[in-house]
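Before any comments, here is the structure.
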Amino acid sequence: MSAMPLRLASDEVFARVRQSFVAAGYDGPAIDRQLHGDPKLMSAFVHGNIVTGFDAAQTLIRVFSGGSVRASELRILLGAGIVQDLCALDLLEDSGADLLRPTVRLRPMLGLYIAADLHTRYEEHNADFVFPPDGSHTHEYISHLPGRFAGSFLEACGGSGVAALIAASHGATHASSFDISPRCTHFAAFSARLSGIGNFTAATGDGFAPAAGQTYDCIAMHPPYTPVSHSEFVFSDGGQDGEQITRMHIAGLPAHLNPGGRLYARGMATDRKGEPLEARLRKWLGEHAGEFDIVLHSMRYIAPVHVFRNRQCSPGSAPPTREEIVQWLDMIDALRIERFLVCAFIIQRHDAPRQPFTVRRQRNEFTSPLDLTRMLDWHTLMATGKAADIVLRSRLHNSGAVLTVRNRIEDGEWATESQSLGVARPYPIDSEVGDLAAYIVPRLDGRTGLEIAQELGIGDTTSFGAHLAELAGLGFLRVEQ
């Protein structure tokens, strides 16, 4: 197999291949159904087992997972001309004895055809392995992106270019994918051509270097975050503490994110003594930190010892030496790391001067990835003074909050010491509240905030609206819009 597979050909060749895939039913839903029905089926062909006796779609699914196919059989299924085109694009190569084998793994998804490396290149520890776009971590990453895009889009640490390709096909005027690996850039450019996407650019360089001063309306990244003492894979290695690549890109945001723009990110980072992750994200923004809002939800926490164990579990990895263990423990102590957290966060640049906000939540089984965007949207309305007017004019409903009252004995009687409201969705929150909130919340029955204010005889509706907006931001009431 060539060091750099895939050849760029004419638009006509790409169009013929794409149309043949569509006609064969070789698409995302077909693979999703296949994996749902038998998740282990694809792995049976990873190492070149011969694919035979299937229809065109099932044959292509298995071949582009790593299987081999008889050229004569594939010509019957697809036509001789399409097989010739597949070879011309170097998607397939001759392996002798009338057999063709794939040069890459191809994944149809969301109306796209995205190329990545075959699993064998990972097993061989090729440092520039192009990670597939359909792994569970990548799915979690793209599920946090908006459903529609507008303006210019950049995917940093692009890899296969999956997020940029999605953005290009879902409303972005132009989408770019940057990666330090020329192989990733080549694969992403090929995938764009095969998917029929013209508003896309793939470029090679470190960090934002390929931007050459250009700015963007939306940036997304799923950076390498595995803590390593020496480089192994470009797609995963995040430096000594796992944060090197993330830190570099956050520091570059002020120069590359437009006013009103947002960065969407998924990764792993650390909470440190006296410095939770969200505080350090803001610090990395430097002198422009006051121009940005940050919302973050953590999905799971990992103890440092488990991170160390997990990074030793890749195929072919040797057991850690005593020196490596000591170095790891010294690093954890020197950097004051308390725990690692897998999280998603959004950083938003202000479009007008105002005070910034930072919000962090813990995700649970009731939380949707889109709740992170909803949280940012609502707190932006609060920060710009618009949320108070919305709750006053909208119908309000209780969200099933639970009131917990703590009493103490005072002068022979029970006296209320504190009271708190708690909810489980969209985020688990328990917060101390005053008497007004405790009184209002159970009585939210679809009346507007103004109607409730009139019932209670509250004249200062502006302050009352701000109070209701804050309760909505905590999840204690639901706003019908």
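Placing dummy labels 7 Å off each Cα toward the beta-carbon, the span from Glu12 to Ser72 is 3.1 nm. Kirkwood analysis of the Cα pair distances in the range 393-481 returns a hydrodynamic radius of 13.8 Å. Taking the accessible area of the range 1-153, probe 1.4 Å, and keeping the other protein chains in place, the carbon and sulfur fraction comes to 55%. If R0 is 25 Å, the Cβ-Cβ spacing of Arg443 and Arg354 corresponds to a FRET efficiency of close to 0.15.
Sorting the segments 139-150, 413-424 by their mean number of nearby beta carbons within 10 angstrom, highest to lowest, gives 139-150, 413-424. Helix 28-37 and the long axis of the chain differ in direction by around 80°, with both axes built from C-alpha atoms. Give the angle, between 0 and 90 degrees and rounded to the nearest 10, that separates the Cα long axis of helix 182-194 from the longest principal axis of the Cα atoms of the chain. Tilt relative to the chain: about 90 degrees. Using only the Cα atoms of the range 31-182, build the gyration tensor, take square roots of its eigenvalues as a ≥ b ≥ c, and label the shape rounded, prolate or oblate: rounded if a/c is under 1.5, else prolate if a/b is larger than b/c, else oblate. In terms of gyration-tensor shape, prolate.
Per the Kirkwood formula applied to alpha carbons, the range 240-306 shows a radius of gyration over Rh ratio, Rg over Rh, of 0.96. Here the contact order of the chain, divided by its residue count and restricted to Cα pairs under 8 Å and six or more residues apart, works out to 10 percent.
The alpha carbons of the chain stretch over 94, 55, 46 Å along the principal axes, in descending order.
Ordering of 101-114, 347-360 by packing is 101-114, 347-360, highest average first (other Cβ atoms within 10 Å, averaged per residue). The packing ranking, built from the mean of other Cβ atoms within 10 Å per residue, places the peptides 121-127, 403-409 in the order 121-127, 403-409, highest first. Pairs of Cα atoms in the range 8-72 fall into 10 Å distance bins, from 0 up to the last occupied one, in shares of 21, 47, 28, 4 percent. Considering only the Cα atoms of the range 384-429, their convex hull presents on average a projected area of 5.4 nm². When a/c reaches 1.5 or more, the comparison of a/b and b/c decides; with that in mind, is the range 81-129 rounded, prolate or oblate per its Cα gyration tensor? Oblate is the answer for the range 81-129, as a/c is 1.5 or above yet b/c matches or exceeds a/b. Full extension of the chain segment joining Ile50 with Leu370 gains 111.0 nm, where the gain is 0.36 nm per residue of separation less the Cα-Cα distance. In the context of the full set of protein chains, residues of the chain present 45 Å² of accessible surface per residue (probe radius 1.4 Å, heavy atoms only). Around the Cα centre of the chain, unit charges on the Cβ atoms of Lys, Arg, Asp and Glu (plus for the first two, minus for the last two) sum to a dipole of about 560 debye.
Extents of the range 315-430, taken as max minus min of Cα coordinates on every principal axis and listed largest first, are 62, 54, 30 Å.
The values are calculated or read from the model by the stated rules, or taken from the named source; none is laboratory data. This one's a predicted model, so the numbers in the text were calculated from it and none came from an experiment. For neighbour counting, all protein chains shown are included, and Cβ atoms are generated from backbone atoms with ideal geometry for every residue, glycine included. Each accessible area value is taken on the protein alone, full model and side chains, heavy atoms only, with ligands, DNA and RNA left out. Shrake-Rupley method; radii C 1.70, N 1.55, O 1.52, S 1.80 Å.
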